[in-house]
Amino acid sequence: MPTYVGLLRGVNVGGKNKVSMSALRALVESLGHHDVTTYIQSGNVVFTAAKAITPQTLEQAIARKLGLDITLVLRTHAELKQAVKANPFSTADLSKVHVGFMAAKPKPAVVAALDAEQFSPESFAVKGRELYLYLPNGMGRTKLPAYLDRRLKTPTTVRTWNTVLRLLELAGG
């Protein structure tokens, strides 16, 4: 059975869109998925599924059962493994690296029009449906992710590098 990682966007942030991880686990199990586990309170769920699934299936179930209209980004184990391998900042301080998982691949013209220089020393790279961020001053005060979210025009949910590695481990390494 394929293993999936579901990444909920904008849950349990600043007291908004509260979702208990036990409720999320129960919901995913109720859809017939197996080996369901969650990781930290930011909306990460790892599970196996007997057949291919779509993010929309999970989003609709979350809306129906938990009352939240949120975006869920879905990656297979293989896709997550490839995202880790493709990290363009692998020689940087990894505690400053984040990965944005996009719901869709942005258009090449949109990516080409991004202005990276205005955010230096912060930097980013778009590779397929992943957005890699190097934030030497941390996530707290940076304006780069908000800028990219507005310009890329595709829902994106960001995780720290350590969280990405832990999710890969939970998904089978």
> Got at least one residue in the range 12-35 being of a type in the set (V, I, T), surrounded by 19 or more Cβ atoms within 10 Å (Cβ to Cβ) and closer than 26 Å to L148 by Cβ?
Replying inline: yes
> Hey, any hits in the range 115-129 for a residue that's surrounded by 14 or more Cβ atoms within 10 Å (Cβ to Cβ) and within 20 Å of L8 (Cβ to Cβ)?
Replying inline: yes
>> Taking the condition of being among the acidic types (D, E) and within 22 Å of K51 (Cβ to Cβ), how many residues in the range 64-115 meet it?
In response: 1
> Which of (1) touching a Pro at 6+ places or on another chain (Cβ under 7 Å); (2) closer than 30 Å to N137 by Cβ is the odd one out, the single condition K16 does not satisfy?
Replying inline: (1)
> Being free of Cβ contacts under 8 Å to residues at least 12 places away in the same chain and within 27 Å of Y132 (Cα to Cα), is that true of even one residue in the range 23-33?
Replying inline: no
> Applying the selection to the range 122-157, what residues are hydrophobic (A, V, I, L, M, F, W, C) and either part of a helix (DSSP H, G or I) or modelled with pLDDT under 95 (or both)?
Replying inline: M139, L144, A146, L148, L152
>> Out of A103, A61, A113, I need the residue that is touching a Pro at 6+ places or on another chain (Cβ under 8 Å), touching a residue at least 12 places away in the same chain (Cβ under 8 Å) and not charged (D, E, K, R). Which one?
In response: A103
>> Every residue in the range 49-58 that is surrounded by fewer than 10 Cβ atoms within 10 Å (Cβ to Cβ) and in contact (Cβ under 8 Å) with a residue 24 or more places away in the chain, please.
In response: A52
> How many residues are surrounded by fewer than 16 Cβ atoms within 10 Å (Cβ to Cβ), farther than 18 Å from V46 by Cβ and not small (G, A, S) when one looks only at the range 72-93?
Replying inline: 4
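The values are calculated or read from the model by the stated rules, or taken from the named source; none is laboratory data. Given the structure is predicted, the values throughout are model-derived calculations rather than measurements. Methodologically, a virtual Cβ is constructed for each residue, glycine included, from the backbone with ideal geometry; neighbour enumeration extends over all protein chains shown.
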